[in-house]
Structures are given as structure tokens and as C-alpha cells.
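*Asks:* Quick one: structure below, then a few questions.
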Amino acid sequence: MNNKIKNLILEDGSIFSGYTFGFNSEKDIVGEVVFNTSMTGYQEMLTDPSYRGQILVPTYPMIGNYGISNTDTESSEIQVKGFVVRQYSDRPSHNNSVMNISEYLYQNKIVGIYGVDTRAIVRKIRNAGVMTGIITSTSEIKKVLTNIKNKLSYDEQNLVAEVSTKNAYKETKLKAHKNIVIIDFGVKNNILRLLKNRSCNITVLPYDSSSKDILSERPDGIVLSPGPGDPNNLENILEDMKKIINSGIPILGICLGHQIIAKALGAKTFKLPFGHRGGNQPVKDIKNNRVYVTAQNHGYAVEKDNFPKELEITHINLNDDTVSGLKHKTKPIFSIQYHSEASPGPKDSEYIFDEFIKLIEYTQGSNNDK
């Protein structure tokens, strides 16, 4: 174990001390400090593009006990800026493990801190809201707070531009029945897997693709993926999103994609006090009067006030009554504010992809009847 002392210092001056593991950088690491309440899935968390620009604190005290596999990544690299844990295991036990978590962080040049009172961090964030933090070797508060003030805040950064693909690419499936275009705001690998399992050919396009480029792919359906950051930083793409909404092609929005659909039609979004991040978020399907336990990872939500008349709310988060799902009243469009591709239980929310395929088939059948 690496015993160099590191501090996590929050913008309110709070100091949480621990020891480094993973990559030991002498540079200060600045990011928005957030927590996740899931008991497993740390590799998926680390590689989830929605965590771009953030320092992640898992609430579960032991991290790394089943190691790192070659199959559980959600993107090509670790996305978090730093990782803060109570304890970590350097001797994992799992038949799929290829390395321990410290080796994984080192390989990706990500600083980790262990031996930290993560419970105290989480209690502070829940009471005061998310705040910027810095992982540093110094304990000079004044110097650190000046460093934080000189950095762009999390809300000001277009993090989608960092995680979105720069070039279009395809994921093909033999004997595929549907052609799906994914607008990549920070797409997770499991979204691609689940669509391919449903006999879909997939074209992934950059987040700022024009409506002309999107529609030229002649998609049967369009997915607006999850992604990081404040949707207000994506105002420049809303006109193109309006055009694909008006195309009549079925659209599924997930998390940030859900917010983009709402904003394109005139809704507003707001920042949650400490976000929804974990595998235990209860969501009620209003139409079916059924509650699902969902996996979520987002810091912003759609406002209910002045809600667009074209949309109706289909799901609500039972913890704070925020909008967790919507659909268009006349067009084949629906969206959710949770991760249908994640697994808080067995496969609780994968039905969303089945509903999307059914919507495509229904739309195609209706068009053929005209």
C-alpha cells in the first residue's frame, strides 16, 4: 500500500485526510464531489461518462473486493477525476478478475484516496449540497480555495464535448431488423449491447451532429444517450433536436437525452441539491401504478413548472417528486431520467428497450397503412 498522505478539501474549507492508492500525482485534482449509494458496480461507476469532471465517493465502505474484469467497463477509460473510498481491497476474489482496483487506477493515471471518513463527506454533501473539491498533498486552506476559485466550475464546462465520439462509427449485428442512430452525449457500452441483442444495427454519431446528418442515416429509431454536465451548456444543439423530434421517427431519451428532449420543447432544467446517484432510486410509473427500483446518475432534472403542453409526465421519483419520465402526446417519443441499461436488481429496467422496439414497429406499421 502507498502511504503518502492526501487530503480532499471541499470549497467550504472542510478537510478529509487519507492515503493515496492507484496513481500518485503531485498535481492537484479539482472536481465536483459527488457520492454513489450502490453496493456494487464500482468498475461501471469509474468508467461511466456521466461522471466526467467529478470526484466520486462511494458510500459502500469496502471497494475492490471482486477486482477488475475485462467485461464490465462502460467506456474506453476511467472517467472520474478522483476516487475517494473508506477501504479498498488489494487482494480481490473473483474468477473474472484480471487486476486489483489500485492497479486499475494506476493504469489509467487516476488518483485514489483510502482511509477517508466517507460517511462524513456524504453527510456534509447531503446537508450542504454538492460542492467543488480538490485532492491535494497540501493542507494550506487559503491556497487551495484560491486554486478552486481560479478553475471553471462544473456547471460551466461542456463535458459532453470531452466524452462524445469525434467520428461516427457503426456496431453491426448479423440479420439485424432495425437501424438505430445513437446521439452520443456519453453513451455507455451496455446501451450498445442491449440494442444489438434486440437485432439492431447501430450508428453512433457525435453529440453536435446536424439534423441533416442524423436523418441521412435513415434510422428506424433514434436514441439520445446519457451524458455528463449541465444541459444548459448544449443550447447550440436544440434546433437540430427540434428537427429530429418533428421528423416523426421514434426517439428514446435516457438521462441527459431526456433533459435535451424536454429543453428542445421549451422545458427548463435545474440542478439538484446533491443529485441522484445509486442503484436504489424508487421511480413510479404513473400509468401502470407500478414502482421500479432504478439506477441513476445525474445532477440535473426537468422542471415541472411551465411544462411543455406537447409532453406528459409518465414517471416520478418517489424520493423527491422530480420528473423521471415523459412522453410526447402526439409523436413517438418517450424518455426516462434513469439508467435502463443498468441493473439495480436483476434486469429491472431493460423493458424500456423492448418498449422502444415496439414503438418503432408500431410506427412502421402505421406508416405502411397510410
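*Asks:* Taking into account only those residues within the stretch 15-35 that are assigned to a loop (DSSP other than H, G, I, E, B) and touching a residue at least 12 places away in the same chain (Cβ under 8 Å), which is surrounded by the fewest Cβ atoms within 10 Å (Cβ to Cβ)?
*Replies:* Top of the filtered list is Glu26.
*Asks:* Of the residues Ile244, Ile251, which single one is surrounded by 20 or more Cβ atoms within 10 Å (Cβ to Cβ) and out of contact with any Phe, Trp or Tyr (no Cβ under 9 Å at 6 or more places or on another chain)?
*Replies:* That would be Ile244, the only listed residue that is surrounded by 20 or more Cβ atoms within 10 Å (Cβ to Cβ) and out of contact with any Phe, Trp or Tyr (no Cβ under 9 Å at 6 or more places or on another chain).
*Asks:* Still on this model: Could you grab me the full set of residues in the stretch 210-224 that are surrounded by 23 or more Cβ atoms within 10 Å (Cβ to Cβ) and either among the β-branched types (Val, Ile, Thr) or part of a loop (DSSP other than H, G, I, E, B) (or both)?
*Replies:* Scanning the stretch 210-224 gives Pro219, Ile222, Val223.
*Asks:* Kindly evaluate Gly227 against the criterion of being surrounded by 15 or more Cβ atoms within 10 Å (Cβ to Cβ), touching a Cys at 6+ places or on another chain (Cβ under 9 Å) and either closer than 23 Å to Ile78 by Cα or basic (Lys, Arg) (or both). First the steps, then the outcome.
*Replies:* Numbers: surrounded by 15 or more Cβ atoms within 10 Å (Cβ to Cβ): yes; touching a Cys at 6+ places or on another chain (Cβ under 9 Å): yes; either closer than 23 Å to Ile78 by Cα or basic (Lys, Arg) (or both): yes.
It is true that Gly227 is surrounded by 15 or more Cβ atoms within 10 Å (Cβ to Cβ), touching a Cys at 6+ places or on another chain (Cβ under 9 Å) and either closer than 23 Å to Ile78 by Cα or basic (Lys, Arg) (or both).
*Asks:* Cβ-Cβ distance below 7 Å, separation of 6 or more or different chains: which pairs start in the stretch 204-233 with a residue that is on the phi < 0 side of the Ramachandran plot and modelled with pLDDT of 95 or more and end on one that is part of a helix (DSSP H, G or I) and charged (D, E, K, R)?
*Replies:* Leu205/Asp213; Ser210/Asp240; Ser211/Asp240; Ser211/Lys243; Asp230/Asp155; Pro231/Lys263
*Asks:* Right, here's the next one. If you go through the stretch 36-55, how many residues are buried (at least 24 other Cβ atoms within 10 Å of the Cβ), more than 12 Å from the chain's Cα centre (by Cα) and under 13 Å from His276 (Cα atoms)?
*Replies:* 0
*Asks:* Among residues belonging to the stretch 160-207 that are touching a helix residue (DSSP H, G or I) at 6+ places or on another chain (Cβ under 6 Å) and over 19 Å from Leu252 (Cα atoms), point out the one that is surrounded by the fewest Cβ atoms within 10 Å (Cβ to Cβ).
*Replies:* The extreme case among them is Lys173.
*Asks:* Follow-up question, since we're still on this one. Name the pairs: first residue in the stretch 134-149 and assigned by TED's automatic domain parsing to the domain that holds Ile55, second residue assigned to a helix (DSSP H, G or I) and among the β-branched types (Val, Ile, Thr), Cβ to Cβ under 8 Å, at least 6 apart or on different chains?
*Replies:* Going by the 8 Å Cβ cut-off, the qualifying pairs are Ile134/Val144; Ile134/Ile148; Thr136/Val144; Thr138/Val144.
*Asks:* Further, regarding this structure: For the stretch 1-14, how many residues meet the condition of being surrounded by fewer than 17 Cβ atoms within 10 Å (Cβ to Cβ) and either modelled with pLDDT of 95 or more or among the charged types (D, E, K, R) (or both)?
*Replies:* 2
*Asks:* Filter the stretch 136-163 for residues that are at pLDDT 95 or above and either assigned to a strand (DSSP E or B) or hydrophobic (A, V, I, L, M, F, W, C) (or both) and give the result.
*Replies:* Residues satisfying the conditions are Leu159, Val160, Ala161, Val163.
*Asks:* Give Asn147, Asn108, Asn100 a once-over and let me know the one that is surrounded by 12 or more Cβ atoms within 10 Å (Cβ to Cβ), in contact with an Asp or Glu (Cβ under 8 Å, 6 or more places away or on another chain), farther than 16 Å from Ile29 by Cα and of a type in the set (S, T, N, Q).
*Replies:* Just one listed residue meets the conditions, Asn100.
*Asks:* When both residues are 6+ apart or on different chains and their Cβ atoms are under 7 Å apart, which pairs have a first residue that lies in the stretch 39-51 and is within 11 Å of Gly186 (Cβ to Cβ), and a second that is assigned to a helix (DSSP H, G or I) and of a type in the set (A, V, I, L, M, F, W, C)?
*Replies:* Matching pairs, first to second residue: Pro49/Val163; Tyr51/Met45.
The values are calculated or read from the model by the stated rules, or taken from the named source; none is laboratory data. Here the structure is a predicted model, which is why all the values come from computation and not from measurement. Please note: Cβ atoms are built from the backbone with ideal geometry, for glycine as well, and neighbour counts cover all protein chains shown.
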